[in-house]
Amino acid sequence: QGDEMRYIRILKNSYTNNNTLAWACTYMAQGNPQTIVIPPMLASVNEGDIIYLFYHTANSNDVISGNPYGHRTSLTIETVG
């Protein structure tokens, strides 16, 4: 079976191209674990904004897995300035 694209995407408030803060993708074969990483970035947000993290795969049987410490999906937000 060929490689399939998987991606993660971070959005602010709604799922639109204009509200996309960052995303990263990779092609991988089913059953071939890999890590998808978005490098650290700065984004302008306001109080009340909602940040979404989406994971996309073409295969409905796909699994997000972790390591011996469990699943590791994280998003860190801090005030700058």
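The values are calculated or read from the model by the stated rules, or taken from the named source; none is laboratory data. All of these numbers come straight from a predicted model, not from anything done at the bench. All Cβ positions, even for glycine, are placed from backbone atoms using ideal geometry, and neighbour counts span all protein chains on display. The accessibility values were calculated without ligands, DNA or RNA, using every heavy atom of the protein model including side chains. Shrake-Rupley method; radii C 1.70, N 1.55, O 1.52, S 1.80 Å.
Brief remarks follow.
- Under the Karplus curve 6.51 cos²θ - 1.76 cosθ + 1.60, θ = phi - 60°, whole-Hz ³J(HN,Hα) for the stretch 46-62, x wherever Gly or Pro sits: 10, 3, x, 5, 10, 9, 10, 10, 10, 10, 10, 9, 7, 10, 5, 8, 5
- Accessible area, probe 1.4 Å, largest first, for residues 20, 79: 79, 20
- Amide H to amide H, with H built 1.01 Å from N, residue 4 comes under 5 Å of 28, 29, 30, counting only residues 5 or more places away or on other chains.
- Cβ charges +1 (Lys, Arg) and -1 (Asp, Glu), total dipole of the chain, debye: 40 debye
- Probing with 1.4 Å while keeping every protein chain in the model, the per residue accessible area of the chain equals 80 Å².
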